């Protein structure tokens, strides 16, 4: 019975595909899977925008949207209709072709990244041998779309935003990939399906998730910080910076193209949260043996919602960083910690299991964190800023 | 050859032609990155997964960003030059000579006359094993070179003279 519920979507797809003529079956299977992913995650995007606005309102001691539907929860429908019917304004000086293509170039790789995420048992669109590599390749392609948007708008704020976004994405991509590599080192595979399978056992009352090891915990925290920076979320939302550069690279976009940028940003956040779940939080596995009867996709979605709520909480709590703080944090704190974490993961592999391994690896995580953190926050380092070009 | 190869080849060639002939340099760079994507797709279609994905990660994610930044920081894109420059004849002649030499060399090499071996299934794991055992020295040398280049770039960028008041 539990198996039937767990595999209900897989069996439903097989049943539906079975109705097609034999020649069209592969195509029908692909279209069904893709439509499912697009539908589910675009729907999640709609729901999350409302939850985010309500949550931020609660944190900031105001109501948030409360007019459309019960408690304002149909606000996303109103927003959708508004963006769909709004006039699409293109600046006269803009490069029309690139301006038109930029939102598409952002959304397409973001959707493509979902192809390798395991959403549940037997629920992966393509089981690529180098799935993790594919994910990061798709993530890297979005940088060019950001540049296209900023450059083609012929607006200095848009170009500033694009420059900031690209500098930030490239800087934080390094700790992101380095913290993910620890999992690859310990699993011995780039395939996300296999990485999830390895985390599927239980040791006592704790599951064998990577986050419950010293290197995994450090990797998870580094990964989530870098993920927030990659998806331009607060406190790393300098590329948008409403109070400084208005809205960054999508300042000259309106109507549905703006909605596409918004969609791409949120879907990128979901995808990278899904990757964090896959790498560190055991993928679709249940957190305890006696909970394995709950279907796998429910666990994936529950973990995804938890991470999204964490992102919303962080956004409502932390102020925006300054540009120099952003770069210092990436290169002087995150990068050394991620490199040391590689060493920790290697030691974890070679030292036999036991208390000694836990002690050494935990010391290797906590010690550098304390030392580097002190260097980052010491107050006597504040000197008068020297401007090279602005005097 | 499957039809997907022809589609990808047409896309890559069209994008490369656009990169060579468009008037705006940023457009050229964007067309070039489309050509990179087309090449990566060809690799993927040949089951060379690692090469194809690394091609996207490195070329589309990093090299094309480098190219557009270099264009933005050095050029003024208002100044457009005539399509046919006075070097066009010499350029065409050089290109023809290079093409001839390459054709001759490829035709003479035993590579074209050898029977194709069965395609090896090079998985990412095999590539990783080879890099870490057989080619580890080359890998370390490249790593050293890249580190030296990185430090050099940082030192050049750090060049910080006191602004004259």
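The values are calculated or read from the model by the stated rules, or taken from the named source; none is laboratory data. Everything numeric here is computed off the predicted structure, so don't read it as measured data. Reconstructed Cβ throughout: ideal geometry from the backbone, glycine too, with neighbour counts over all protein chains shown.
List of remarks:
- Residue A:189, sole failed condition from (1) surrounded by fewer than 24 Cβ atoms within 10 Å (Cβ to Cβ); (2) at the interface with chain B (Cβ under 9 Å from one of its Cβ atoms); (3) in a helix (DSSP H, G or I): (3)
- Residues (over 14 Å from residue A:145 (Cα atoms), part of a helix (DSSP H, G or I) and in contact with a helix residue (DSSP H, G or I) (Cβ under 9 Å, 6 or more places away or on another chain)) located in the stretch A:243-260: A:244, A:245, A:255, A:256, A:259
- Candidates A:213, A:182, A:201: the one that is away from chain B (no Cβ under 14 Å), farther than 30 Å from residue A:238 by Cβ and crowded, with 23+ Cβ neighbours inside 10 Å is A:213.
- Residue list for the stretch B:22-41, filter: at pLDDT below 85 and either touching a helix residue (DSSP H, G or I) at 6+ places or on another chain (Cβ under 7 Å) or away from every other protein chain (no Cβ under 11 Å) (or both): B:22, B:23, B:25, B:26
- Residue within the stretch A:117-133 that is surrounded by 24 or more Cβ atoms within 10 Å (Cβ to Cβ), assigned to a helix (DSSP H, G or I) and either more than 10 Å from chain B (Cβ to nearest Cβ) or in contact with a strand residue (DSSP E or B) (Cβ under 9 Å, 6 or more places away or on another chain) (or both) present: no
Condition check ((1) out of contact with any strand residue (DSSP E or B) (no Cβ under 9 Å at 6 or more places or on another chain); (2) modelled with pLDDT of 80 or more; (3) surrounded by 10 or more Cβ atoms within 10 Å (Cβ to Cβ); (4) closer than 26 Å to residue A:133 by Cα) across all residues:
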{"residue": "B:122", "(1), (2), (3), (4)": "yes, no, yes, yes"}
{"residue": "B:125", "(1), (2), (3), (4)": "yes, no, yes, yes"}
{"residue": "B:132", "(1), (2), (3), (4)": "yes, yes, yes, yes"}
{"residue": "B:138", "(1), (2), (3), (4)": "yes, yes, yes, yes"}
{"residue": "B:143", "(1), (2), (3), (4)": "yes, yes, yes, yes"}
{"residue": "B:146", "(1), (2), (3), (4)": "yes, yes, yes, yes"}
{"residue": "B:152", "(1), (2), (3), (4)": "yes, yes, yes, no"}
{"residue": "B:156", "(1), (2), (3), (4)": "yes, yes, no, no"}
{"residue": "B:163", "(1), (2), (3), (4)": "yes, no, yes, no"}
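- For beta carbons closer than 7 Å, sequence separation of 6+ or different chains, a first residue in the stretch A:259-274 that is under 16 Å from residue A:140 (Cβ atoms) and a second that is outside any helix (DSSP H, G or I) and modelled with pLDDT of 90 or more, there are no qualifying pairs.
- Candidate set: the stretch A:150-175, residues that are buried (at least 24 other Cβ atoms within 10 Å of the Cβ) and over 21 Å from the mean Cα position of the chain (by Cα); chosen: the one nearest to the other protein chains (Cβ to nearest Cβ): A:151
- Counting only helices (runs of 4 or more DSSP H) that fall entirely inside the stretch A:1-75 and contain at least 2 residues that are within 25 Å of the chain's Cα centre (by Cα), the qualifying elements are A:25-59.
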